[in-house]
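Colleague: Got a structure here, written out as structure tokens. Questions coming.
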Amino acid sequence: MTFSFFLLPLVLILSAPSTPGSPWSCPSECVCRQDGQVNCSGRELHSVPRILDPGAQVLLLGHNHMDFLPPGAFILLPGLLSLDLQCNGLQRIHVHAFWGLGVLKSLDLSANALQALEPGTFWPLRALHTLSLAGNRLMCLEPAWLGPLLLLQNLSLQDNLLSSMGSGVLDRLPSLRVLNLHGNPWVCDCSISSLCRWLRSHKHQVPGAESLLCVSPDRLTLRPMAAITEASFHYCTQPLTPWDMVVITMLGPLSFLASLAGCFIFGSLVTAFQAQRKNRSVHCHRVKRPIPQTLGLADASENSTTNFPTPSCSL
């Protein structure tokens with residue numbers, strides 16, 4: 001954490017204009033009530049109003065255009081109990097956006113465009129009872145994204161793109177009473193075995209648990225997730241041991257070297273065989289040279305048959 005971040009509250013306080021009788025005034029784009037509710041919904045806001053009463057308990061910021069929550073966005077509202085950020089088109093939340101909200105009990109982030117969450121985003125929210133992430137674009141959910149929310153009782157995840165849920169997500173929510181999971185394309189492979197196991201023993205905590213169906217693989221398509229037993233995941237491999245990791249790491253280079261050596265040996269044998277075959281071919285087709293004769297001998301032989309007269313007998 002940088003030093004400038006710790007100075008953020010002081011900078012905001014010093015920069016806030018004051019009015020006679022009260023250092024805090026209600027922002028013009030909001031409606032503030034005496035009971036501690038600040039309503040800034042549907043005001044075309046692109047950021048959280050900077051001048052807010054630190055005694056505010058309920059802040060309504062829904063239906064605006066805040067696509068990003070910066071660090072320390074609510075750090076001047078230590079008494080905030082409920083925060084509504086639905087329908088803002090939120091795409092990203094800084095990991096320190098919720099710092100200072102140690103007593104917050106309800107957080108609504110529904111109907112936004114969140115695809116992932118940074119690990120530790122919700123860790124400052126130790127008193128959180130209700131969290132809605134419904135209607136976003138989450139494709140998976142990892143344990144580090146939520147953190148150990150020990151007091152969380154109601155979690156809404158319906159209408160996302162969830163196909164799996166990391167093992168241990170629900171184990172870190174010991175107080176969970178209601179879990180909404182409808183409207184997600186669940187893939188019932190090994191990655192979801194822990195969720196199916198949890199559903200079998202906590203059906204009463206999931207509204208309509210019997211209607212949660214698998215979309216794949218084919219053998220489990222349209223099967224109720226709560227009815228899938230451990231036998232359906234018998235093919236799932238056990239976690240890799242350190243020795244397995246060493247073998248897998250070394251297998252690639254060793255396979256490459258072995259294949260390289262095999263190619264070299266095979267190439268050498270082929271080259272030697274071709275050379276031997278060529279030598280045999282040359283030896284077998286070698287032509288014998290005729291014995292050379294001198295020109296004189298050839299002429300004498302020829303003259304002996306053509307120049308001497310044929311003997312004749314005369315009586």
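The values are calculated or read from the model by the stated rules, or taken from the named source; none is laboratory data. Just so we're clear, the structure is a prediction, and the values are computed from it rather than from any experiment. Virtual Cβ from ideal backbone geometry, glycine too; neighbours counted across all protein chains shown.
Colleague: Anything in the stretch 104-147 that is of a type in the set (Gly, Ala, Ser) and either at pLDDT below 95 or more than 26 Å from the chain's Cα centre (by Cα) (or both)? List them, or say none.
Modeller: Listed by number, the residues that qualify are Ser106, Ala116, Gly120, Ala127, Ala144, Gly147.
Colleague: Go over the candidates Leu45, Leu101 one by one and state the one that is modelled with pLDDT of 95 or more, in contact with an Asp or Glu (Cβ under 7 Å, 6 or more places away or on another chain), part of a loop (DSSP other than H, G, I, E, B) and not hydroxyl-bearing (Ser, Thr, Tyr).
Modeller: Leu45
Colleague: Among the candidates Leu162, Leu150, single out the residue that is of a type in the set (A, V, I, L, M), under 19 Å from the mean Cα position of the chain (by Cα) and assigned to a loop (DSSP other than H, G, I, E, B).
Modeller: Leu162
Colleague: Can you confirm whether the stretch 41-57 contains a residue that is over 30 Å from Leu176 (Cβ atoms), in contact with a Phe, Trp or Tyr (Cβ under 9 Å, 6 or more places away or on another chain) and of a type in the set (D, E, K, R)?
Modeller: There is at least one residue in the stretch 41-57 that is over 30 Å from Leu176 (Cβ atoms), in contact with a Phe, Trp or Tyr (Cβ under 9 Å, 6 or more places away or on another chain) and of a type in the set (D, E, K, R).
Colleague: A further question on this structure: Go through the stretch 179-233 and give me each residue that's within 20 Å of the chain's Cα centre (by Cα), surrounded by 15 or more Cβ atoms within 10 Å (Cβ to Cβ) and not charged (D, E, K, R).
Modeller: Scanning the stretch 179-233 gives Asn184, Trp186, Val187, Cys188, Ser191, Ile192, Ser193, Ser194, Leu195.
Colleague: Quick one: would you say Cys87 is among the hydrophobic types (A, V, I, L, M, F, W, C), on the phi > 0 side of the Ramachandran plot and in a loop (DSSP other than H, G, I, E, B)?
Modeller: The answer is yes for Cys87.
Colleague: OK, next. For residues that are assigned to a loop (DSSP other than H, G, I, E, B) and charged (D, E, K, R), tally how many sit in the stretch 180-234.
Modeller: Residues in the stretch 180-234 being assigned to a loop (DSSP other than H, G, I, E, B) and charged (D, E, K, R): 2 in total.
Colleague: For residues that are touching a strand residue (DSSP E or B) at 6+ places or on another chain (Cβ under 9 Å), among the aliphatic types (A, V, I, L, M) and surrounded by 20 or more Cβ atoms within 10 Å (Cβ to Cβ), tally how many sit in the stretch 107-148.
Modeller: Qualifying residue count for the region: 9.
Colleague: Only one of these is farther than 23 Å from Trp99 by Cβ, surrounded by fewer than 14 Cβ atoms within 10 Å (Cβ to Cβ), of a type outside the set (D, E, K, R) and at pLDDT 95 or above: Leu176, Leu161. Name it.
Modeller: The conditions single out Leu161.
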